[in-house]
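Reading through the structure tokens given below for one structure.
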Amino acid sequence: MRIPSKKSLGQHFLFDTKIRDSIIKAAQLKSHDLVLEVGPGKGFLTKELIKNCGEVIAVEIDDRLVEVLQQLYSTSTNLKIVSGDVRYMDLNDLISEDTKYKVVANLPYYAASRIIRQFLEIEHKPSSLTVMVQLEVANQMIASPGQMGMLSVAIQLYGNPKIVKKVSPSSFKPKPKVSSAVVNIQIYQKFEVEILSEKHFFEVVRGGFSAPRKQLRNSLSKGLNITPQNAEKYLEKCEIDPSRRPQTLSLKEWSKLHVNLMS
Ligand code: SAM
């Protein structure tokens, strides 16, 4: 049965076996691994995942596809198909707290950043994420000081993102308008910079990026509701020139600022 794809759910189905193989290789799957796949679609990637790891839990929002998958994989003993929107799921209901897992997915563009951040910010994080995202988003993830944004800081706090492969629109059906990339993020066991409170750290970063084109003395003042003089005092204490823009700060400098503002 032909199922029309729903653009609103980011349904661009991969059909390029070479790209699928690069995703599987980048995920470095072991025979005992548990994999959480977001958006299995019609099962193109799922089929290889179940061959290469111990167990797959696949969460799909579209009930039409859930039905197809249930029929296609009715005899697979290491695949659990879960129907629902991953953004609103308590992942502890899917994977018990003491179980290690990896995330592998060709993510829907409209929610990719949000879904990645969800996995990074929960207590029970995966050991790695290997995901297909829009190329522009992938470039943001790996950006260096000078080009950093909220997403770069958020991803690089939790792990080490690397672009594994750039992917052309012609690898998907229907073809998306933009290029994509496979990204592998190895999650750190422990932060590489000093963090006293994740919540406060992100308040400071969000404050700094509240006016990305402004100098930090002004964007921090606006974002954190403090006077520009006070913002300047903190920045100087951290040896950060107050006239710099937020995208130029390194992760280490954001951490220094957060620690100083908290103490
Ligand atoms: N894995 C398939 C492939 O590689 O061909 C499909 C990938 S397609 C880019 C994204 C998939 O994610 C679709 O099947 C879509 O229905 C599903 N999806 C979209 N939003 C979702 C959400 N919030 N939670 C779970 N699945 C979602």
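The values are calculated or read from the model by the stated rules, or taken from the named source; none is laboratory data. Please read these numbers as outputs of a predicted model, since none were measured by experiment. Glycine gets a Cβ as well: all are built from the backbone with ideal geometry, and neighbour counts include every protein chain shown. Just the protein is used for accessible areas: all its heavy atoms, side chains included, with ligands, DNA and RNA removed. Shrake-Rupley method; radii C 1.70, N 1.55, O 1.52, S 1.80 Å.
Enumerate the lysines that Lys214 could reach by cross-link, defined here as Cα to Cα under 28 Å, with residues fewer than 8 away along the same chain left out. Within the straight-line limit of under 28 Å, Lys214 reaches these lysines: Lys199, Lys222, Lys233, Lys237, Lys252, Lys256. The candidates Glu192, Glu37, arranged from most to least accessible area with a 1.4 Å probe in the full protein assembly, appear as Glu192, Glu37. Heavy-atom accessible surface of the chain, averaged per residue, reaches 50 Å², computed with a 1.4 Å probe. Remark: relative contact order (the range 198-262) = 34 percent; criterion is Cα-Cα distance under 8 angstrom and separation of 6 or more residues. Derived from the Cα gyration tensor, the three semi-axes of the equivalent ellipsoid of the range 198-262 are 14, 12, 12 Å, largest first. Rolled with a 1.4 Å probe across the full set of protein chains, the surface gives Ile81 an accessible area near 40 Å².
Rolled with a 1.4 Å probe across the full set of protein chains, the surface gives Ile57 an accessible area near 10 Å². Kindly list the residues of the range 238-263 that lie in the label zone of Leu196, defined by a backbone N under 15 Å from the point 7 Å along the Cα-to-C-beta vector. Only 238, 254-263 fall inside the zone, counting backbone N under 15 Å. Separation of the range 52-119 from the range 1-43 is 11 Å, based on Cα centroids. Using only the alpha-carbon atoms, how far is helix 198-208 inclined from the longest principal axis of the chain? Give it as 0 to 90 degrees, nearest 10. Computed tilt is about 70 degrees.
Taking label points 7 Å from Cα along the Cα-to-Cβ direction, Asn260 and Lys177 give a separation of 4.3 nm.
For Lys162, Lys18, the ranking by accessible surface with the largest value first comes to Lys18, Lys162, using a 1.4 Å probe. Excluding same-chain neighbours fewer than eight residues apart, the aspartates and glutamates reachable from Lys25 by a Cα-Cα span under 14 Å are Asp33, Glu48. The orientation-averaged projection of the convex hull spanning the C-alpha atoms of the range 7-187 amounts to 9.7 square nanometres. Farthest toward the positive end of the dipole of the chain, out of Leu91, Asn78, Cys238, is the Cα of Cys238, where the dipole comes from beta carbon charges about the Cα centre. Considering only Leu120, Ala105, Ile61, the residue lying farthest towards the positive end of the dipole of the range 1-121 is Ala105, judged by Cα position with unit charges set on Cβ.
Under the convention that each Lys and Arg Cβ holds +1 and each Asp and Glu Cβ holds -1, the size of the dipole of the chain around its Cα centre is about 1040 debye.
Surface listing: Glu67, Glu48 arranged by accessible area from highest to lowest gives Glu67, Glu48, probe 1.4 Å. For the range 115-188, the relative contact order is 40 percent, taking Cα pairs closer than 8 Å that sit 6 or more residues apart in sequence and dividing their mean separation by the residue count. If you count the DSSP beta bridges with both ends in the chain, what percent of them are antiparallel, to the nearest 5? Of those bridges, close to 50 percent are antiparallel. Within straight-line reach of Lys18, meaning a Cα separation under 23 Å, sit the following lysines at least 8 residues removed in sequence or on another chain: Lys30, Lys42, Lys47, Lys51, Lys102, Lys162, Lys165, Lys166, Lys173, Lys175, Lys177.
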